[in-house]
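What follows is a set of notes on a single structure, which appears directly below.
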Amino acid sequence: MSQRIHLHNVRVIQPRAQLDTVTDVWVQDGILTGLGEAPNNSGDYLRKEATGLWLIPGLVDLSCGIGAHNVETEARAAQRSGFTHVCNRPDKRAPIDSTSAVTILQEANTNSPVTLLPVGALTHQLDGEQLANMGLLKEAGCIALSQAHTCIKSVYVMRRALEYAATYDLTVYLSPREASLWGEGCMHEGATATRLGLAGIPESAETVGLAHIILLAEQTGARVHISQLSCARSVELLRQARSRGLNISADTALANVLYTDQCVQGFDALYRVDPPLRTDADRQALLNAVAQKELALTTNHQPCDSAAKLAPFAEAAIGMSMLDAALPLALALVHDGQLSLDACLHALSTQPCDITRQTMDFALNAPVSVSLVDPNAAVCLDAPDLHSCGTNAPFVGQALQGRVLMSIHAGKHHEL
Amino acid sequence: MNTTPSQLQLTLDGQLKHFLTTEGLSKALLTQIMDTADSFISTQERAIKKVPLLRGKTVVNLFFENSTRTRSTFELAAKRLSADILNLDIARSATSKGETLRDTLWNLEAMYSDMFVVRHADSGAAHFIAQHVTPNVAIINAGDGRHAHPTQAMLDMLTIRKHAGGIKGKVVAIVGDILHSRVARSQIHALNTLEAADIRVVGPSTLMPADIEALGATPYCDMRAGINDCDVVIMLRLQKERMQDALLPSEGEFFRRYGLTESTLKAAKPNAIVMHPGPINRGVEIDSRVADGPQSVILNQVSYGIAIRMAVMAMAMSGQQSLRQTADSSTTGDIA
């Protein structure tokens, strides 16, 4: 049965179409049939009062750790935050280094309310040594390749991997890191790590790795995306490279613009993340780069079993479950005046959409991927309310604002 | 955010219920620990050394890292308090069979243990156990990673109080591998609270933690400048693996630059005391003539170790008992 909806008096915020206006919108089965002007059969549409509500573009998450068996729960969590596309990064347990692994993911994603974009492994089993079958992974449907949160120890292998990926015009997502400087570190190297006696990860563990990537990207001409910068000096390095003419995209994790290493006080393993939370100066620099549209934002979502965080800090699982509240957390920065709504949507939708080469137009008689949001609706999630299978969510119990009421994607309308 | 270790170790009325770190404890409480230990020192000089404070209580020594010396002093301290003591070498038992730390501890708690003395290679392990695993068992931290070794720090404070004429206003230098030292961190917190005038940490940059100033200590790379006019010089043990980690070129160079000799000790005050948490590497961080010399109080430190451990065990158990009494009386009140 056909789904038809008429949104009355909605604020249409569609940066790609350069639209920010309050008007009426008609959508039938995911196709925009009327904008300001009603379609012929407008009487058949279900009218929904949308005064005070926003119609925003579908958000695109560049990095999520979702196993094939968790696709259903995590897709619902993503939908709740307005995501219509989610990149699934490989990890050591599920390296996505074969066509069958890609197929399994795609099958798990059938009937899902969000589109899962498989990101394959850059090297076989993410070992950082043998190149993965990149051509076959692309044929199977991988939109990019990644080394995820593991290191390529040899700069030679990185050079060859980038050259080979360039052959197929594949985007390579790389988290900058130099393994020998990272060592056994489990949090930012600074006063908090010193106080707690935890092994620190110096900022050079990231910047040295970033310098390698930038120089090899320049040399090989590969299409490189830098995943999850965590420090101010990395932003500087990126700016320098861009000023030389290098076309390179980059993102930072939501956690790194929300929290600092001081959150680890009391050995709170919830805040053990990769890359680590750094100083407030780093947080500000990253946020400023997002505000300047220099960095995209990713949830860096990594759900964990409830017991996985219950261990001494250095033994606890790494990562945060962010999908359930990513939108209200990002909107908190907007509500606080730390980020404009335009920059926020650019970081969560426009940029990642370009990086993943997805089409997301907002044009008459074309399919749309959008979410209807009540920006002021109170959101306070307790652990049982989470759709994600990960309870490692720092926002549990936190009073936030911004609720997705409906998502329209891939021809389907979902009321939430 | 989690409860900080300092909040976690106190009852609502400010009594010790765990002993996890010296950080955040009041001057009054640190002084009470030293006073209580002082009172036990006199009992240790008697023919019958036992006191009945922990009679009927079960203390479990949980050593996830080997340490014969520290474990022995805790065992002796528990026995002198008349507790039953169980020594568990976890490194070689349950956890190596795949049982998680939490499962192991829940099993031990189910055996009606009253106190765990915990040593673990991970920073925050004792704090984790106190907060998430067995909140009704008193936890005494016997060393967690690089984070804290509070009983060692307190026996050092007692040593300074007894042999340097108090702690307030004193200049104290801690020399050597500060980066990996839980002892140094616990000493710095205690010295700050007990109002030492100047706390210096001395060593090469490779062995100095980032932003150590934030803990209230001043870093020095030069040994003579670092111990200049000090009242107390505390030497730390240097582990041999530091050479493999490219942190130091050789023991010889370390001794030459940072070893405490009769000559370098002259930079300190003439009556300065020399301390070392042990075991000593003679000829690596300290010369034998200094270690065995008139300014050394290293053996005194060892002898105060049992008294300090008796003091914190007795105080933490008393804190736990008062918690239970409060809980019992409120339950009785409900029924009434």
(message) Yes or no: segment B:308-330 includes at least one residue that is at negative phi, assigned to a strand (DSSP E or B), touching a residue at least 12 places away in the same chain (Cβ under 8 Å) and not aliphatic (A, V, I, L, M).
(response) no
(message) I'd like to check something: does segment B:58-67 contain any residue that is buried (at least 17 other Cβ atoms within 10 Å of the Cβ), of a type in the set (Phe, Trp, Tyr) and within 14 Å of another protein chain (Cβ to nearest Cβ)?
(response) yes
(message) Return the residues of segment B:255-270 that are among the hydroxyl-bearing types (Ser, Thr, Tyr) and part of a loop (DSSP other than H, G, I, E, B); say none if nothing qualifies.
(response) B:261
(message) I'm trying to understand the selection: among the residues of segment B:282-327, which are surrounded by fewer than 22 Cβ atoms within 10 Å (Cβ to Cβ), closer than 26 Å to residue B:242 by Cα, among the hydrophobic types (A, V, I, L, M, F, W, C) and at pLDDT 95 or above?
(response) B:291, B:298
(message) Given (1) crowded, with 17+ Cβ neighbours inside 10 Å; (2) touching a Gly at 6+ places or on another chain (Cβ under 9 Å); (3) modelled with pLDDT of 95 or more, identify the lone condition not met by residue B:28.
(response) (1)
(request) Kindly provide the set of residues from segment B:105-124 that are in contact with a strand residue (DSSP E or B) (Cβ under 8 Å, 6 or more places away or on another chain) and more than 13 Å from every other protein chain (Cβ to nearest Cβ), ordered by number. (result) B:108, B:111, B:112, B:113, B:114, B:115, B:116, B:117
(request) Starting from residues that are of a type in the set (A, V, I, L, M) and touching a strand residue (DSSP E or B) at 6+ places or on another chain (Cβ under 9 Å), keep the ones in segment B:268-284 and report whichever is nearest to residue B:156 (Cα to Cα). (result) B:275
(request) Within segment A:196-209, count every residue that is crowded, with 24+ Cβ neighbours inside 10 Å and either away from every other protein chain (no Cβ under 14 Å) or more than 18 Å from residue A:281 (Cβ to Cβ) (or both). (result) 5
(request) Give segment B:161-190 a look and list any residue that's buried (at least 24 other Cβ atoms within 10 Å of the Cβ) and out of contact with any Leu (no Cβ under 8 Å at 6 or more places or on another chain), or say none. (result) B:173, B:186, B:187
(request) Scan segment B:175-194 residue by residue and report those that are of a type outside the set (Asp, Glu) and not in a helix (DSSP H, G or I). (result) B:175, B:176, B:178, B:179, B:180, B:181, B:194
(request) Give the residue, chosen from B:179, B:215, that is touching a His at 6+ places or on another chain (Cβ under 9 Å) and within 14 Å of chain A (Cβ to nearest Cβ). (result) B:215
(request) Scan segment A:115-169 for residues that are closer than 25 Å to residue A:318 by Cα and β-branched (Val, Ile, Thr) and jot them down. (result) A:119, A:123, A:150, A:152
(request) Within segment B:195-212, work out how many residues are part of a helix (DSSP H, G or I) and either at the interface with chain A (Cβ under 10 Å from one of its Cβ atoms) or in contact with a His (Cβ under 9 Å, 6 or more places away or on another chain) (or both). (result) 2
(message) Looking only at segment B:125-172, count every residue that is more than 11 Å from the chain's Cα centre (by Cα), away from chain A (no Cβ under 14 Å) and in a helix (DSSP H, G or I) and tell me the total.
(response) 6
(message) If I filter segment A:270-288 down to residues being within 25 Å of residue A:72 (Cα to Cα) and away from chain B (no Cβ under 12 Å), which single residue comes out as surrounded by the most Cβ atoms within 10 Å (Cβ to Cβ)?
(response) A:273
(message) Of everything in segment B:170-226, what is acidic (Asp, Glu) and in contact (Cβ under 8 Å) with a residue 24 or more places away in the chain? Give them in sequence order.
(response) B:177, B:195, B:198
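Every residue, every condition in (1) part of a loop (DSSP other than H, G, I, E, B); (2) surrounded by fewer than 22 Cβ atoms within 10 Å (Cβ to Cβ), yes or no:
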| site | (1), (2) |
| --- | --- |
| A:290 | no, no |
| A:293 | yes, yes |
| A:305 | yes, yes |
| A:310 | yes, yes |
| A:347 | no, no |
| A:354 | no, yes |
(request) Mind counting the residues in segment B:251-277 that are crowded, with 16+ Cβ neighbours inside 10 Å and closer than 30 Å to residue B:43 by Cα? (result) 6
(request) Output the residue which, of all residues in segment A:239-269 that are crowded, with 24+ Cβ neighbours inside 10 Å and out of contact with any helix residue (DSSP H, G or I) (no Cβ under 7 Å at 6 or more places or on another chain), is farthest from the other protein chains (Cβ to nearest Cβ). (result) A:251
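The values are calculated or read from the model by the stated rules, or taken from the named source; none is laboratory data. As the structure is a prediction and not an experimental result, all values here were calculated from the model. Counting neighbours? That spans all protein chains shown, and the Cβs are built from the backbone with ideal geometry, glycine included.
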